[in-house]
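The values are calculated or read from the model by the stated rules, or taken from the named source; none is laboratory data. Computed from a predicted structure; not experimentally measured. Please note: Cβ atoms are built from the backbone with ideal geometry, for glycine as well, and neighbour counts cover all protein chains shown.
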Amino acid sequence: MTDFVIYLGDVITANNIMIKNASLYWDQAVSPTRAKGIPWASVFGNHDDASFEWPMEWFSATGIPHLHCPAPSTSDAGAEDCSFRGTTRLELMKSETEHNTLSYSMNGPKNLWPSVSNYVHKLSSSSDSEAAVAYMYFFDSGGGSYPEVISSAQVNWFQQKSAEVNPDARIPEIIFWHIPSKEYKNVAPRFDARKHCIGSMFMEDVAAQEAEMGIMKVFEERHSVKAIFVGHNHGLDWCCPYKKLWLCFARHTGYGGYGNWPRGARILDINQQPFSLKSWIRMEDGNVHSEVILSS
């Protein structure tokens with residue numbers, strides 16, 4: 001039974017969407033989870049609020065396909081629907097959270113803007129809702145409308161928030177964001193990844209964030225951080241040990257984006273007493289592989 005789902009970014013490919021308001025497509029993407037009554041949380045990826053990319057074939061003899069837009073001379077507000085400007089992170093988040101009672105996604109502090117999906121949730125004990133089993137931190141790793149980076153402001157936010165909710169670092173902490181940090185490239189070079197990592201796909205090089213502003217150093221020095229989970233690279237699904245924690249990719253789950261590799265999902269199994277974090281990949285056809293114990 002699935003207790004919770006995390007959408008690790010690139011929920012939609014906005015650069016292929018011809019209308020301004022892409023919230024409908026976002027809603028369709030999360031609808032299978034909602035239909036099963038499963039709560040979820042999401043973070044943004046680099047494609048979710050990307051600008052529309054005009055197909056070159058539209059400028060050939062076939063021309064631009066017919067679009068239902070108001071005439072340029074009118075003052076109809078609906079003209080914005082054909083502006084191709086994309087839907088902002090704030091608009092997407094507002095639509096998700098206001099229309100879905102099962103969504104645990106959140107806007108982060110305003111001082112972290114343009115980064116949006118930064119928040120923390122306490123995973124509670126099944127027998128005592130006040131007792132924390134783990135803390136799950138969600139970060140917006142940028143891309144799309146702004147650079148691919150975890151900013152210094154986000155680093156400061158994590159330090160302050162973790163000191164507030166988990167002051168003695170006694171409770172395990174698990175991290176989620178979309179674009180891998182540069183350390184992912186260091187632990188898993190493409191051609192010798194199998195020597196160190198547990199997974200089934202090593203099909204491409206790591207496409208890392210543009211800069212490192214200190215978040216990894218903070219994690220390295222905080223013994224409660226057990227693992228980081230990212231998406232972004234559709235051809236990778238491994239977990240690699242990195243110093244005292246693990247760096248993991250999810251598995252490409254959706255039907256959009258590049259690549260035609262078989263789809264699957266990364267599963268996390270968290271045990272309370274004693275604490276353990278185990279993970280594996282479950283494929284769309286039900287096959288299971290790449291089990292790894294990330295903390296025990």
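Remark: pairs (first residue in region 203-222, modelled with pLDDT under 95; second residue assigned to a loop (DSSP other than H, G, I, E, B) and of a type in the set (Lys, Arg); Cβ separation under 6 Å; 6+ apart in sequence or on different chains) are absent. A search for C-beta distances below 7 Å between a residue of region 121-136 that is within 15 Å of LYS226 (Cβ to Cβ) and any residue that is polar (S, T, N, Q), counting only pairs 6+ apart in sequence or on different chains, returns ALA132/SER124; VAL133/SER124; VAL133/SER125; VAL133/GLN272; TYR135/ASN166. For ARG170, state whether it is touching a residue at least 12 places away in the same chain (Cβ under 8 Å) and either out of contact with any Gly (no Cβ under 7 Å at 6 or more places or on another chain) or under 27 Å from PRO109 (Cα atoms) (or both). So ARG170 passes the test. When region 108-118 is filtered for residues that are crowded, with 17+ Cβ neighbours inside 10 Å and without any contact (Cβ under 8 Å) to a residue 40 or more places away in the chain, the ones remaining, listed by number, are SER115, ASN118. Is one or more of the residues making up region 56-67 part of a loop (DSSP other than H, G, I, E, B) and either under 30 Å from LEU123 (Cβ atoms) or at pLDDT 80 or above (or both)? There is no residue in region 56-67 that is part of a loop (DSSP other than H, G, I, E, B) and either under 30 Å from LEU123 (Cβ atoms) or at pLDDT 80 or above (or both).
The lone criterion from (1) of a type in the set (D, E, K, R); (2) out of contact with any Leu (no Cβ under 8 Å at 6 or more places or on another chain); (3) modelled with pLDDT of 90 or more left unmet by LYS20 is number (3). From SER162, SER126, grab the single residue that is part of a helix (DSSP H, G or I) and either loosely packed, with under 14 Cβ neighbours inside 10 Å or among the hydroxyl-bearing types (Ser, Thr, Tyr) (or both). SER162 is the lone residue from the list that is part of a helix (DSSP H, G or I) and either loosely packed, with under 14 Cβ neighbours inside 10 Å or among the hydroxyl-bearing types (Ser, Thr, Tyr) (or both). Of everything in region 165-202 that is in a loop (DSSP other than H, G, I, E, B) and at pLDDT below 95, the residue that is nearest to MET216 (Cα to Cα) is ALA188.
In region 150-167, how many residues are closer than 15 Å to ILE228 by Cα and touching a Gly at 6+ places or on another chain (Cβ under 8 Å)? First the steps, then the outcome.
Within region 150-167, the subset closer than 15 Å to ILE228 by Cα is 150, 155, 158.
Checking the rest, the ones that are also touching a Gly at 6+ places or on another chain (Cβ under 8 Å) come to 150, 155.
Qualifying residue count, region 150-167: 2.
If you check VAL292, VAL206, VAL218, which single one turns out to be of a type in the set (A, V, I, L, M) and part of a strand (DSSP E or B)? It would help to see each step written out before you state the result.
Working: VAL206 fails: part of a strand (DSSP E or B); VAL218 fails: part of a strand (DSSP E or B).
It is VAL292.
Of the numbered criteria (1) part of a helix (DSSP H, G or I); (2) at pLDDT below 95, the one TRP157 fails is (2).
Residues that are in a loop (DSSP other than H, G, I, E, B), over 14 Å from the mean Cα position of the chain (by Cα) and within 27 Å of SER124 (Cβ to Cβ) within region 228-273 comprise LYS244, GLN272, GLN273, listed in sequence order. Across region 136-157, a minimum of one residue is classified as among the hydroxyl-bearing types (Ser, Thr, Tyr) and more than 19 Å from GLU220 (Cα to Cα).
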